[in-house]
Amino acid sequence: MLGTTNYFFYYPQTPANEKFVREFRARYHRYPATGAVNGYLAAHFIAAAYEKAGEVDPEKFIDALAGLTVAGPIGKVSIRSYDHQAMVPMFMGVTKKVPGYDFLIADDIVTIPGHEVMPEIAEIMKARGKQ
């Protein structure tokens, strides 16, 4: 069966993801899922935006988010300037049973960059009536 997600705890196989999984499991005694990665990224975006803004000011914070990039367990993630959406990759793979896990694991994983699956800015403008 083919499946997609924004996060597999075992992929990507990078030092950053391995560290995230190790520390998460030590603290919560389970594997991290999409929500854990989203929370991690959100916290890092908030901290980086406030640092860039230089003060606690909502408008400066919003402006600071535009185009901001942070590194995380799934690699670098950026905030699209136009609509402040995080450009998060999708991971697609074929699921199968693997010894040692009581759930399916994806294999032959392909990474689809966020900017390739998100609507184009022109589509968003049209939907918002701002052609």
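Read the figures in this text as sums done on the coordinates, not as results from a lab. Just so we're clear, the structure is a prediction, and the values are computed from it rather than from any experiment. Counting neighbours? That spans all protein chains shown, and the Cβs are built from the backbone with ideal geometry, glycine included.
Sorting 22-30, 49-57, 95-103, 68-76 by average packing, meaning the other beta carbons within 10 Å per residue, from highest down gives 68-76, 49-57, 22-30, 95-103. Overall size of the range 1-59 from C-alpha positions, given as principal axis extents largest first: 46, 28, 19 Å. Using a/c under 1.5 as the rounded threshold, could you call the range 68-119 rounded, prolate or oblate? The axes a ≥ b ≥ c are square roots of the C-alpha gyration tensor eigenvalues, and prolate needs a/b larger than b/c, oblate otherwise. Prolate. In terms of its C-alpha gyration tensor, the chain comes out oblate, because a/c is 1.5 or above while a/b does not outweigh b/c. Relative to the Cα centre, the charge distribution of the chain, modelled as +1 at Lys and Arg Cβ and -1 at Asp and Glu Cβ, gives a dipole magnitude of about 320 debye.
Under the membrane-span-like helix rule (DSSP H runs whose alpha carbons stretch at least 27 Å along the helix axis, mean Kyte-Doolittle hydropathy -0.5 or higher), the chain yields 34-53.
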